1. Count, please, the residues in the stretch A:95-122 that happen to be assigned to a loop (DSSP other than H, G, I, E, B) and more than 16 Å from A:Ile143 (Cα to Cα).
2. Within the stretch B:73-83, can you find the residues that are in a helix (DSSP H, G or I), open to solvent by 30 Å² or more (accessible area, probe 1.4 Å) and within 22 Å of A:Glu47 (Cβ to Cβ)?
3. Answer yes if at least one residue in the stretch B:56-72 is of a type in the set (Phe, Trp, Tyr), over 11 Å from the mean Cα position of the chain (by Cα) and within 7 Å of chain A (Cβ to nearest Cβ), and no otherwise.
4. Can you name the condition, by its number, that B:Met16 falls short on among (1) open to solvent by less than 60 Å² (accessible area, probe 1.4 Å); (2) within 11 Å of chain A (Cβ to nearest Cβ)?
5. Among the listed residues B:Gly117, B:Gly93, which satisfies the condition of being in a strand (DSSP E or B) and facing chain A (nearest Cβ under 10 Å)?
6. Spot the failing condition for B:Ala95; the list is (1) farther than 21 Å from A:Ala126 by Cα; (2) open to solvent by 20 Å² or more (accessible area, probe 1.4 Å), and only one is missed.
7. Could you tell me which of the residues A:Asp77, A:Asp61 is modelled with pLDDT of 65 or more, part of a loop (DSSP other than H, G, I, E, B) and open to solvent by 70 Å² or more (accessible area, probe 1.4 Å)?
8. Inside the stretch A:120-147, can you point out the residues that are under 19 Å from the mean Cα position of the chain (by Cα), within 7 Å of chain B (Cβ to nearest Cβ) and surrounded by fewer than 22 Cβ atoms within 10 Å (Cβ to Cβ)?
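The values are calculated or read from the model by the stated rules, or taken from the named source; none is laboratory data. These numbers come from a predicted model, not from an experiment. Virtual Cβ from ideal backbone geometry, glycine too; neighbours counted across all protein chains shown. Calculation scope for accessible area: heavy atoms of the full protein, side chains included, ligands and nucleic acids excluded. Shrake-Rupley method; radii C 1.70, N 1.55, O 1.52, S 1.80 Å.
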Amino acid sequence: MSGKGKNRGKRGKLRFGSIELPIAPMIDVVFLLLFYFMVSATIQKQEVDISFSLPGRVEQDTPIEMPDEQIVRVLADGQALVNDYAYDSPDQPRYYQLETMLNRFREASESNKVEARITIAPVDDARHEMVVKVMDACSHAGIESVTFAFGR
Amino acid sequence: MAPMIDMVFLLLVFFMTVSSMSQAGHRVELELPESTSGETPKDLSNRVMLSVQKDGTFYLGGELVLAERLGSRLLSMHNQFPEMKLRIRADRGTAFSDVKKAMTAATEAGISDYLYGTLQGE
């Protein structure tokens, strides 16, 4: 590729015996491909994780200290309800009102020296996207103990 | 001129390889939800990827799994790797009932650590 052993002609042409290869259009194409791959590599959004735990098949003998718990219901249209009170419009990109309420709930639990726990209870038709938004709100409010409730 | 062409080719091959490698693990086409609180994974060990499409089709890794066989597959995996974490990649439009099916099957198999796969939001 470096052109060793070949004669380099004038105006960007490689000469192989009597055949001349114009390299200028080739470089143009290569640059075009290079820009395409550089741009497409950077616009891809990165995948991230939200971690949580669910109780598995654990036998519980000793009584456990119950944390402060609030249940957030998520309806089919994405509306989040706490104690039947609706927070934020579902078309909001982020649930700020819910965050503020959860933040106050966490502060109240901390002052009582108990852990604040949120149980998310979405209805069956609720879209996954809306559940993730509620989990985001919990995370922004600093609540680490989040679990799910679902009947059969 | 020649070293520049060498360098450009090297960069081209690098970006071509990287762009194809980044898609290798995500064979199941999904439109993931965006999350503003997600964290970039540091520990990639012991994770099993479960993709849930909008219509409720499950893929374990890249393999199509029927909903009724999901529990037994997860149980055998959990018996083999007790430390496993289940990474659920569900489409943003997937009904929660389908994600619930996966989580119910997984909790019955004894899995307690979960991750939701999302895209980095702004």
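1. Looking only at the stretch A:95-122, we keep the residues that are assigned to a loop (DSSP other than H, G, I, E, B), and these are A:95, A:112-115.
From what is left, the residues that are more than 16 Å from A:Ile143 (Cα to Cα) are none.
Matching residues across the stretch A:95-122 total 0.
2. Filtering the stretch B:73-83 for residues in a helix (DSSP H, G or I) gives B:73-80.
With open to solvent by 30 Å² or more (accessible area, probe 1.4 Å) added as a condition, the list becomes B:73, B:75-80.
B:Met77, the sole residue that qualifies.
3. First, pick out the residues of the stretch B:56-72 that are of a type in the set (Phe, Trp, Tyr): B:58-59.
Narrowing the set further to residues that are over 11 Å from the mean Cα position of the chain (by Cα) leaves B:58.
Okay, now just the ones that are also within 7 Å of chain A (Cβ to nearest Cβ), so none.
No, that holds for no residue.
4. Failed condition: (1).
5. Working: B:Gly93 fails: in a strand (DSSP E or B).
Of B:Gly117, B:Gly93, the one residue that is in a strand (DSSP E or B) and facing chain A (nearest Cβ under 10 Å) is B:Gly117.
6. Only one criterion is unmet by B:Ala95, namely (1).
7. Working: A:Asp61 fails: modelled with pLDDT of 65 or more.
Just one listed residue meets the conditions, A:Asp77.
8. Answer for the stretch A:120-147, where residues must be under 19 Å from the mean Cα position of the chain (by Cα), within 7 Å of chain B (Cβ to nearest Cβ) and surrounded by fewer than 22 Cβ atoms within 10 Å (Cβ to Cβ): A:Glu129, A:Ser139, A:His140.
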